[in-house]
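Some notes on the structure that comes next.
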Amino acid sequence: MFRAWALAYLKVGRIRRCAIPSLISILLIEAGFCETRIRFQEIAADSGIDFVVDNSETEQKFQIEPMIAGVALFDFNNDGLLDVFFCNGADIWTLEKTGEKYFNRLYINLGDLKFADVTAAAGVRGQGYSMGAAAGDYDNDGWTDLYVTGVNRNILYRNLRNGRFEDVTSRAGVTASVEGLGKLWSVGAGWFDFDNDGDLDLFVVNYCVWSRDKDSRCGANKPGYRTYCHPKMYDPLPNLLYRNEGNGTFTDISVESGIGSHWGKGMGLALADFDADGYLDAFVSNDAWRNFLFRNLGTGRFEEIAMGAGVAYTDSARPVSGMGADAGDYDGDTLPDIFMTALSNETFPLFKNLGNRLFRDDRFQSGLGVDTLPWGGWGLGMVDLDNDGDLDLFTAGGHVQTNEELYSNRPSQQTNRVFENLGNGRFEDVTLQCEGLTAIGLHRGAAFGDLNNDGLLDVVVTRLNAPAEVLRNSTEAAGNYLLLQLEGTRSNRSGLGSEVRVTLDSGRELVRLARSAVGYGGSSDSRVHVGLGSSGPRSVKIVWPGGKTQVLEGLRANTLVKVKEAYSD
C-alpha cells in the first residue's frame, strides 16, 4: 500500500534525497524510491586530534601566509589503521619552528576513531615553513615513508619501522634546491613510477619566487586594508622530477625529462595515465597561469600538451586561480577526467577526457559552473562518498584573503562543500543537506580515507588558525563497497599507479586508480576504495604499472581485500 502511494506521489521521478521528516525518509529509502543522503559527523574534539595550523599571520600579509597547510592519511606502523600527519607553519621572521605551536604533527590511530599525538616519539616535528605532504614507500621495504614540502625546507622522512622516522633528505638528494635559484618554494608533491621500473619516483610542485624582504605591498594604502598580492606580482618556478635510483638516492632529471622546461605557479597535482598508453602522466594546476599536462612518452621524457589537449585554460580561454587537482572517472566511460578548485567568482573547472589526448571543459554542462561560482576551494577529492558507484566531489572551502570586512560579497571563511554525482554527467551541490558541513573557516588541505575501516570514506581538513576537522562519514543507506590493499612485487610495493577495473553483478564496469597524491598539498589513503551500489563484485581486474594484469573472482562485497601482485614470465 505504501509503495503504491509512493509511486503515485513520485510522478516526477526518483527523489534525489529525503530532505523530509525522518520517518517518511526511512520508508522511502526502504521502498527504493529515495537515494542515499551523504552526511558527516565532526569528531575532532572527541577523537583526540587537536591540531591547529599556525601560519604566523602578520599585518604585512606575506604571500606564504595563506597557502598552508597540507594533511596526509597513511598507515605508518602497518597496523591496518590510517594515521594522520599535519603540516604547519613557522615564525614568519625566521622561517623556523621556534615553538611547539609550529610543529608538524603526527597522530597515531588507536582504533575506534581515537588518536594520540606521537610527533616527538616519531621525530617528525619538522623544520622550516611547511606546506604539503606526500606518503609513499620509496624504498620498497613495506613501510610507508613521507615527503614534506615547504618554503625553505623540504624533508624526506624514511620510515625506520619502529615508530620513528629518519631525515634522509640530503643523502637522498631531494632538497628541491636548484643551481642559480636556490631552494624552491614547494607546495606539494606526489609519488609515482613514471618509468615502470618498480620503484616510486617523486614529482615536486613549485609555486613562485618569494622573499620576505622583497614582498610587494598590495591593497589600499591605509591601516587594515593591506591584502595578499595577486600571483602576477611574483615570478614563476619550474617543477621538479626526481628519478628513484633504487639505492636510497634520487637523481634530478627535471631538465632532461622536459618537466623543468616549463615554468609556472604550481599548486595541485594529479597523476594518471590520461592517454591509456601504459605510462603515468602528470597534470599540474597553476595559479592564474595556464595549467600543464605532461604526457609521459615512455622514454624518460615528457611532452607538455595542455594547450592541444584543452586543459591549459577553461573554455573561456582564461586561466583561473588553480588550487587543488584530482583525477578520476566521474562519468563512467573508464577514462580519467580532471577536476580543479579555484577561487570565488571563477568556477571550478571539470575537464572530461574524450580520449585521443583531448579534453572538454564540462563545468557548465555538469552543473558545476553555476554551483561553484560563489565559492573558493583548495583541497579536493573525486571520491565516492555514498558508495553508489559514482565519484562525488568534495572541496575544502575558503578564500585566499583573510580580511573578512573587505569581502562582504565573497566571505573569506566558508564551509566545505559536497557536489553529489547524479550519475548522468551532472553534479548537484548538496552541502546544505549534508549534516556535519556547517563549520566555516579558511579551509585548506583535505585528505580522504577510511579511518575506521567501515567502508565509508572519511575526510580530514585543515583550517588556518583554527582546529582541524575530522569528518566521519555517516552516510545513511550507503551502498556496498570493496576496499583493496595492493602489494606490488615487480611493481612498486604500494601498487601506486595501478588501475582497478571492477565488473559488478549488474554488468556495470567501474574503474578506480591507486593513487595518494590528491587535492592541494595532500596525500590520501593509497588503498583503492570502490563503491558498488546495491550490487556485488563479479570480477576484479588489476592492471599493475607496466601493464601486467591480474583477475580476481569470488570476492565478497563489504570486505577489505589484500592483493599481492602475481606474475609469470
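Things worth noting here:
- Of all residue pairs spaced 6 or more apart or on separate chains, those with beta-carbon atoms under 6 Å, a first member in region 359-373 that is over 13 Å from Gly310 (Cβ atoms) and a second member that is outside any loop (DSSP other than H, G, I, E, B) and not acidic (Asp, Glu) are Ser366/Leu350; Ser366/Phe427; Gly367/Phe427; Leu368/Leu350; Leu368/Phe427.
- Only one entry of Thr334, Thr402, Thr395 meets the criterion of being of a type in the set (Ser, Thr, Tyr), more than 27 Å from Ala276 (Cα to Cα) and modelled with pLDDT of 95 or more, and that entry is Thr395.
- Some residue of region 88-109 being in contact (Cβ under 8 Å) with a residue 12 or more places away in the chain and in contact with a Leu (Cβ under 8 Å, 6 or more places away or on another chain): yes
- Pairs are defined by a Cβ separation below 6 Å, a sequence spacing of at least 6 or placement on different chains, a first member in region 384-403 that is of a type in the set (Gly, Ala, Ser), and a second member that is surrounded by fewer than 24 Cβ atoms within 10 Å (Cβ to Cβ); the pairs so defined are Gly389/Gly533; Gly397/Gln414; Gly397/Thr415; Gly398/Gln414.
- For region 279-312, filtered to residues that are in a loop (DSSP other than H, G, I, E, B) and within 21 Å of the chain's Cα centre (by Cα), the residue that is farthest from Leu237 (Cα to Cα) is Tyr279.
- Restricting attention to region 554-569, the residues being at pLDDT 95 or above and either of a type in the set (Val, Ile, Thr) or at negative phi (or both) number 10.
- Selected residue (criterion: surrounded by the fewest Cβ atoms within 10 Å (Cβ to Cβ)) from residues of region 370-387 that are closer than 21 Å to Gly266 by Cα and among the aliphatic types (A, V, I, L, M): Met382
- Flag if Asp75 is closer than 16 Å to Gly48 by Cβ and of a type outside the set (Ser, Thr, Tyr): no
- When each of Asp450, Asp384, Asp390 is tested for being closer than 16 Å to Gly522 by Cα, of a type in the set (Asp, Glu) and out of contact with any Ser or Thr (no Cβ under 9 Å at 6 or more places or on another chain), the lone residue that passes is Asp450.
Conditions (1) of a type in the set (A, V, I, L, M); (2) assigned to a helix (DSSP H, G or I); (3) open to solvent by 20 Å² or more (accessible area, probe 1.4 Å), marked per residue:
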site	(1), (2), (3)
Pro66	no, yes, no
Leu73	yes, no, no
Asp79	no, no, yes
Asn88	no, no, no
Trp93	no, no, yes
Ile108	yes, no, yes
Ala120	yes, yes, yes
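- Members of region 300-324 that are of a type outside the set (Phe, Trp, Tyr) and touching a Phe, Trp or Tyr at 6+ places or on another chain (Cβ under 6 Å): Glu304, Ala306, Ala309, Gly310, Val311, Pro319, Met323, Gly324
- Considering region 456-487, and only residues there that are of a type in the set (D, E, K, R) and in contact with an Asp or Glu (Cβ under 6 Å, 6 or more places away or on another chain), the residue that is surrounded by the most Cβ atoms within 10 Å (Cβ to Cβ) turns out to be Glu469.
- Considered as a group, the residues in region 122-139 that are open to solvent by 30 Å² or more (accessible area, probe 1.4 Å) and free of Cβ contacts under 8 Å to residues at least 40 places away in the same chain include one that is farthest from Ile43 (Cα to Cα), and that residue is Gln127.
- Candidates Arg360, Arg318, filtered to the one that is part of a loop (DSSP other than H, G, I, E, B), surrounded by fewer than 19 Cβ atoms within 10 Å (Cβ to Cβ) and not hydrophobic (A, V, I, L, M, F, W, C): Arg318
- For the residues Gly188, Gly182, Gly142, the requirement of being closer than 28 Å to Asp326 by Cα, small (Gly, Ala, Ser) and loosely packed, with under 15 Cβ neighbours inside 10 Å singles out Gly142.
- Pairs, first over 25 Å from Gly136 (Cβ atoms) in region 526-541, second β-branched (Val, Ile, Thr) and buried (at least 18 other Cβ atoms within 10 Å of the Cβ), C-beta under 7 Å, six or more apart: Pro537/Val502
- Filtering region 145-167 to residues that are open to solvent by 10 Å² or more (accessible area, probe 1.4 Å) and β-branched (Val, Ile, Thr) leaves only Val151.
The values are calculated or read from the model by the stated rules, or taken from the named source; none is laboratory data. Nothing here was measured: the structure is a model prediction, and the numbers come from that model. Neighbour counts are summed over all protein chains in view; Cβ atoms, including those assigned to glycine, are modelled from backbone coordinates with ideal geometry. When the accessible area is computed, the model is the full protein with side chains, heavy atoms only, and any ligands, DNA or RNA have been set aside. Shrake-Rupley method; radii C 1.70, N 1.55, O 1.52, S 1.80 Å.
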